[in-house]
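Before any comments, here is the structure.
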Amino acid sequence: MRSREVIGHKFVKITILLSLFACGTLIFIPFIWVMVSSFKDAVEIFSIPPTLIPRKPTLINFRRIMHEIPFHLFFINTFKISILITIGQLFTCSLSAYAFARMEFPGRDFLFLLFLTSIMLPPQVTIIPTFVLMRYFGLLNTHASLIWPALVSAFGTFLLRQYFLTIPKDLEDAAKMDGASPFRIYYSIFLPLSSAALAMLAIFCFNYFWNEFFRPLVFINTLRKMTLPLGIFMVQGRYGAASPGLLLAGATIAVFPVLIIFIFGQRYIVEGITLTGLKG
Amino acid sequence: MNNKEGEFKLSRAVSLQRIRKKEIAQAYLFLAPTLAGFFIFILGPMAAAMGLAFFDWNLISPPTFAALHNYYVIFSDPRVLKIIWNTLFFTIVSVGVKLVLALLLALGVHSQISRFSNYFLRTTIFSPVVISMAAASVMLGWMLNTDFGIVNHFVRKLGIMPIKWLTSSTWSMRSIILIDIWKTIGFYFIVFLAGLHNIPKEFYEAAKVDGANAWHQFWYVSLPGLTPTLFFLLVIGLSSALQVFDQAYILTRGGPGDSTRVLVYYLYEHGFQYLNMGYASTLAVVLFLFVLILTIFQFRLGRFWVFYQ
């Protein structure tokens, strides 16, 4: 009787495990399938039924796409935009977070509430006036039009403020006794102690702007200034129907570096989300 | 003597006030970069969008005052109502499915002790989250291709006619939702996993002592413990689902017909293809109101069903 129950329990456990692995594999299959397909030549890619493994693996798609589309520029552009925004946000958010967490000034609670509310503001809501503004300053079709408006973040300010609140007051009291200025306290106590939160914000921010599609679509219109997501979209319009192999090679080039970084840094990213998920 | 003391007190008060003023100035110095950006790029454009909604403007000739006409057009045009319905349908179905599936996955993974399976499942389920929606659309778009896609290859094997995933108005919205689920379910999953991790083990042990079976444990311990997580996901998930755009633009261009035309897509069309800046701003305000009302509503309702330990 007892052993039967144990066997039943084990059976349930194994069934759950197997179905979980099936789900995980199913979710990962598109990555494999796209990569495999990108090695097929122009004929095989259209074969019905599709071949599961390329009969004659070829690099022609990669060679052609790199030759015809400036993918290296997409990488450089996307990297430049994302890294500048990330550095800017770390700077502005940590400064304002310190003010909200540790300084007293009139209007603090009102301003903080205003910030909190704007976290929920969809970025598309402000796109029309921002477009008009950029047009007025002659910044359309420049990377500056993507970078400047993204240098501040209500979300980042909120995240860091919550983290700063957990830092014990004794530390800064000692520093204050020694006559340290607020900037000194911010710089030598708060920043080093919150490196985990700063790293998390940096990862989120970088990933968000690396993947951003809507604003680049609105602001950028020359090929050489495009970012990766916009570039992929452009390749889809140009080659999607006639030579999908090229499109898939492009997708592989764009996706796999990010995927590999994720697989190796998985623990930190997941922990970061855990931390924000709890605090949010 | 008395006079001197008074003088001392006064100068102390003056210097304290000076210190206080200096502190306030310093605080605003810390805030300056954020405030400047916030007013120029968030609050300013927000107010401008609300103002522009009362005008007709094509960027070329000067704006003309239209009062509430743009709002009137939005709520009397059956096409717009269809678009709002599409957006709401997308939001409700995609968020609903993701919540249920991600919770099941998280419960399953949480009950597994093996480190390898934990690692494998977290990596595979979360990996679509880190890539761009543009790349995800292109990838799944190819798999869902009617003639050459791998999905229809298996559909044919089942003896069913190939399905026009992206090119029929019956299936296009479902496919757009499917892509969204694939791309973002990992985020829900990880947040649920964190929520489960956060429930004290003693609660389960106490329940076991009281003779609770697996279902009871889920219903009386896990679920109440997960309500803050669920609340967080609902607030974030619903508001970001209302902003759906990328995959509808890349794969179906809102079509066929209007079957996948959503609010942000319509806003984009009017703003940047027809240059109806006023009308596009009105759509932006409507989107904002949707998100705002939904969020306020959720925070109000949340008081009744979210348990904080």
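Read-outs throughout are calculated quantities, based only on the coordinates presented, and are distinct from any laboratory measurement. Note that the coordinates shown come from a computational prediction; the quantities given were computed from them, not determined experimentally. Using ideal geometry, Cβ is built from the backbone for each residue, glycine included, and neighbour counts are taken over all protein chains shown.
Quickly work out the A:L191-to-A:Y268 label distance, labels modelled 7 Å from Cα along the C-beta direction, and quote it in nm with one decimal.
Inter-label distance under the simple model: 1.8 nm.
Classify region B:81-135 as rounded, prolate or oblate from the Cα gyration tensor: take a ≥ b ≥ c as the square roots of its eigenvalues, call it rounded if a/c is under 1.5, otherwise prolate when a/b beats b/c and oblate if not. Walk me through the numbers before you get to the answer.
Working: a/c = 7.77, a/b = 1.97, b/c = 3.95.
Oblate, because a/c is 1.5 or more while a/b does not exceed b/c.
Whole number please: convex hull volume per residue of the Cα set in region A:123-207, in Å³?
Convex hull volume per residue, Cα atoms: 126 Å³.
Expressed in nm², what is the orientationally averaged projection area of the convex hull enclosing the Cα positions of region A:79-122?
3.7 nm²
Want the number for B:Q298 to B:I19: 0.36 nm per residue separation, take away the alpha-carbon distance, what's left?
Using 0.36 nm per residue and subtracting the Cα-Cα distance, I get 96.1 nm.
So which helices of chain B fit the span-like rule, where a helix is a whole DSSP H run, its Cα atoms reach 18 Å or more along the axis, and its mean Kyte-Doolittle is at least -1.0?
Long hydrophobic helices here: B:2-38, B:78-111, B:115-130, B:172-197, B:223-241, B:277-305.
Provide the descending list of Cα extents for region A:173-280 along its principal axes, expressed in whole angstroms.
72, 31, 22
Let me know the Rg and Dmax you get for region B:232-301 when you use only its Cα atoms, in Å.
In Å, with Rg to one decimal and Dmax whole: 13.5, 40.
If I take R0 = 35 Å and measure r between the Cβ atoms of A:T142 and B:Y28 in this structure, what FRET efficiency does the formula 1/(1 + (r/R0)^6) give, to the nearest 0.05?
The value I calculate is 0.70.
How big is the Cα convex hull of the protein assembly as shown in projection, averaged over all directions, in nm²?
For the Cα atoms of the protein assembly as shown, the hull's average projected area reads 36.6 nm².
Enter the per residue convex hull volume of region B:71-226, computed from alpha-carbon coordinates, in Å³ rounded to the nearest integer.
Each residue corresponds to 187 Å³ of Cα convex hull volume.
How many angstrom lie between the Cα centre of region A:233-270 and the Cα centre of region B:260-309?
Each part reduced to its Cα centre gives a spacing of 30 Å.
Dividing the alpha-carbon radius of gyration of region A:2-60 by 2.2 N^0.38 Å (N being the number of residues), what value is obtained?
1.88
If we restrict to alpha carbons, what Rg and Dmax does region A:69-239 come to, in Å?
Values for region A:69-239 (Cα only, Rg and Dmax): 19.0, 67 Å.
If you add up the charges near A:F219, with Lys and Arg at +1 and Asp and Glu at -1, over every other residue whose beta carbon is less than 13 angstrom from its beta carbon, what do you get? It would help to have the intermediate numbers written out before the result.
Working: positive: A:R135, A:R215, A:K225; negative: A:E212.
With Lys, Arg at +1 and Asp, Glu at -1, the neighbours total +2.
Let's test the formula: R0 of 25 Å, r as the Cβ-Cβ distance of A:T51 and A:L18. What FRET efficiency results, to the nearest 0.05?
Working from the Cβ atoms, E equals 0.35.
Just grab the label-to-label distance for A:H9 and A:T222, each label 7 Å out from Cα along the Cβ direction, in nm (one decimal).
7.0 nm
With n ≥ 4 as the cut-off for DSSP H runs, can you work out [θ] at 222 nm for chain A, using -39500 (n - 2.57) per run divided by the number of residues, rounded to the nearest 500?
-23500 deg cm²/dmol
Taking chain B, how much of its Cα-Cα pair set, in percent, is spaced more than 36 angstrom apart? Walk me through the numbers on the way to the answer.
Values: 19630 of 47586 pairs.
So the pairs more than 36 Å apart make up 41 percent of the total in chain B.
If you take each beta carbon of peptide A:128-139 and count the beta carbons of other chains within 10 angstrom, what is the mean?
5
Taking 0.36 nm per residue of separation and subtracting the Cα-Cα distance, what length does fully extending B:T146 through B:L81 add?
Result for the pair: 20.4 nm of gain on full extension.
Could you tell me the center-to-center distance, by alpha carbons, between region B:93-117 and region A:150-219 in angstrom?
Between the Cα centres of region B:93-117 and region A:150-219 lies a distance of 31 Å.
Work out the mean other chain Cβ neighbour count within 10 Å for the residues of B:172-179 and drop it here as an integer.
What the average comes to for B:172-179 is 0.
Identify which of A:I260, A:I16, A:I76 has the largest mean-square fluctuation in a Gaussian network model of chain A, with springs joining Cα atoms closer than 10 Å.
Among A:I260, A:I16, A:I76, the largest GNM mean-square fluctuation belongs to A:I16.
Which value at 222 nm does chain B reach when only helices count, each DSSP H run of 4 or more adding -39,500 (n - 2.57), with the total divided by all residues and rounded to the nearest 500 deg cm²/dmol?
Counting only the DSSP helices, I get -23500 deg cm²/dmol.
Averaged across the residues of A:23-35, what count of C-beta atoms belonging to other chains lies within 10 Å of each residue's C-beta?
Average per residue, whole number: 6.
Are there DSSP H segments in chain A that both extend 15 Å or more along their axis (alpha-carbon positions) and score a mean Kyte-Doolittle hydropathy of at least 1.0? List them, or say none.
In chain A, the long hydrophobic H runs are A:2-37, A:71-102, A:108-119, A:195-211, A:244-279.
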